[in-house]
Amino acid sequence: MFNGLLQPTHLIILLAVVLIFLGPKRLPSAGRAIGQGLREFKDSINREPHPLAEATATADEETPQVPRQEMPPAQ
């Protein structure tokens, strides 16, 4: 299905369309923003869990579970 999706001709056409939409002045800043976003995403995946997430997990374990009451079926 996706065989041969990123051929050189497709990449040139994609770059031309992006250049038309963004223009030559905003293209470097857009590339920089995409690179920074990908870098932050990768860093957040590789980072240790946030301490607040651990605190919430322990609070969930300590919270008593209230039994649910079953409702009669609607008529």
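Points to keep in mind about this one:
- Scanning segment 34-48 for residues being of a type in the set (Gly, Ala, Ser) and modelled with pLDDT of 90 or more gives a total of 2.
- Checking the stated criteria, Ala53 turns out not to satisfy the condition of being under 25 Å from the mean Cα position of the chain (by Cα) and modelled with pLDDT of 85 or more.
The values are calculated or read from the model by the stated rules, or taken from the named source; none is laboratory data. Since the model is a prediction, treat every value here as computed from it, not as a measurement.
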